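S.K.: Have a look at the structure that comes next, please.
The values are calculated or read from the model by the stated rules, or taken from the named source; none is laboratory data. This one's a predicted model, so the numbers in the text were calculated from it and none came from an experiment. Every residue, glycine as well, gets a Cβ built from its backbone with ideal geometry; the counts of neighbours run over all protein chains shown. Calculation scope for accessible area: heavy atoms of the full protein, side chains included, ligands and nucleic acids excluded. Shrake-Rupley method; radii C 1.70, N 1.55, O 1.52, S 1.80 Å.
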Amino acid sequence: MEFCSYEKKDRVAYITITRPEVMNSLHVYANLELHEVWEDFANDDDLWVAVFTGEGGRAFSAGNDLKFTAEMSRLPASERPAVRWPGTGFGGLTSRFNLYKPIIARVNGYALGGGFEMALACDIVVAAEHARFGLTEPKVGLIAGANGVHRLPRQGPLKAVMGHMLTGRHMTAQRAYELGLVNEVVPLEELDEAVGRWVTDILSCAPLSVRSTKETAMRGLEMALPDASQTVFTWESRRRQSPDSVEGPRAFAEKRDPDWKGTWT
């Protein structure tokens, strides 16, 4: 890993952008590397949850590396890198719509532009008190095209979030919490402990139940309620066939902790 770190420990993937010198902003090579990391996380059955963050205490991610983009734009077309951004979106995440393992964003500072879009693509957001969020793209002649313009109006009150999107204004972590965009706000020194509590609570649940819940909730949002209620999605089919669907009630009746396997037949 050149632009991020990837650690696997006790069913948890810890993914960290390691470009603090540019506020963990991403150029095309960092995006491609993160794409590969998320691919591995998605396909590793031993990993049940991911924690995503940026190195240092200044920024989660400031989004697109605009200095790199500007430098590339000055080169003749024949000299520009012959690489493409991943089809899975910014950070290899914002257009990844079929990943139903839970992802926790550990926001340790600025989450701006694509950084905010990556946080919006996560399921749970835990932020340090000094963190700041914003879709600042209009200030540099762009739009939040990594699905920020779509996710933010779906996740927060329309008038409030439009006020931020149309001006590029930042919001504090506390304001993001008030708008329902952040799950918990804590001092920076308590950030890891807070994230750890969310991880522990997720791991206490049956992993296929968690994935079924995420898939059913997210895909159901696209459907009329009567249709959603009659649809059995992929992970729910797997959950019903899994040993864990028997283990859970049995452990409850026997007054012991369940031994989750996360497998299906």
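S.K.: Cβ-Cβ under 8 Å, sequence separation 6+ or interchain: first residue in the stretch 151-163 and touching a residue at least 12 places away in the same chain (Cβ under 8 Å) and over 13 Å from ALA121 (Cα atoms), partner outside any helix (DSSP H, G or I) and not basic (Lys, Arg). Which pairs?
M.R.: Close Cβ pairs (under 8 Å, with a partner that is outside any helix (DSSP H, G or I) and not basic (Lys, Arg)) amount to GLY156/LEU179; GLY156/GLY180; GLY156/LEU181; PRO157/LEU179; PRO157/GLY180; ALA160/LEU179; VAL161/LEU179.
S.K.: Let me ask something else about it. Among what's in the stretch 223-240 and is in contact (Cβ under 8 Å) with a residue 24 or more places away in the chain and not aromatic (Phe, Trp, Tyr), pick the residue that is nearest to ALA206 (Cα to Cα).
M.R.: Filtering first and then ranking leaves ARG239.
S.K.: Out of all the residues in the stretch 108-126, which are within 13 Å of the chain's Cα centre (by Cα) and surrounded by 23 or more Cβ atoms within 10 Å (Cβ to Cβ)?
M.R.: ALA111, GLY114, GLY115, PHE116, GLU117, MET118, ALA119, LEU120, ALA121, VAL125, VAL126
S.K.: Scan the stretch 1-47 residue by residue and report those that are assigned to a strand (DSSP E or B), under 30 Å from THR263 (Cα atoms) and open to solvent by less than 10 Å² (accessible area, probe 1.4 Å).
M.R.: CYS4, VAL12, ALA13, ILE15
S.K.: Working carefully through the options ALA59, ALA50, ALA105, find the one that is surrounded by 24 or more Cβ atoms within 10 Å (Cβ to Cβ), of a type outside the set (Phe, Trp, Tyr) and closer than 13 Å to LEU26 by Cβ.
M.R.: ALA59
S.K.: Residues in the stretch 192-208 that are open to solvent by less than 60 Å² (accessible area, probe 1.4 Å), among the small types (Gly, Ala, Ser) and out of contact with any Gly (no Cβ under 8 Å at 6 or more places or on another chain): how many?
M.R.: Matching residues across the stretch 192-208 total 2.
Conditions tested, residue by residue: (1) assigned to a strand (DSSP E or B); (2) closer than 30 Å to LEU203 by Cβ; (3) modelled with pLDDT under 95.
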| residue | (1), (2), (3) |
| --- | --- |
| ALA82 | no, no, yes |
| PRO86 | no, yes, yes |
| GLU117 | no, yes, no |
| VAL126 | yes, yes, no |
| HIS130 | no, yes, no |
| VAL149 | no, no, no |
| PRO153 | no, no, no |
| ALA160 | no, no, no |
| GLY163 | no, no, no |
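S.K.: Just the residues that are outside any loop (DSSP other than H, G, I, E, B) and more than 24 Å from VAL186 (Cβ to Cβ), please, taken from the stretch 132-147.
M.R.: If the condition is that a residue be outside any loop (DSSP other than H, G, I, E, B) and more than 24 Å from VAL186 (Cβ to Cβ), then GLU137, PRO138, LYS139, VAL140 are the ones that fit.
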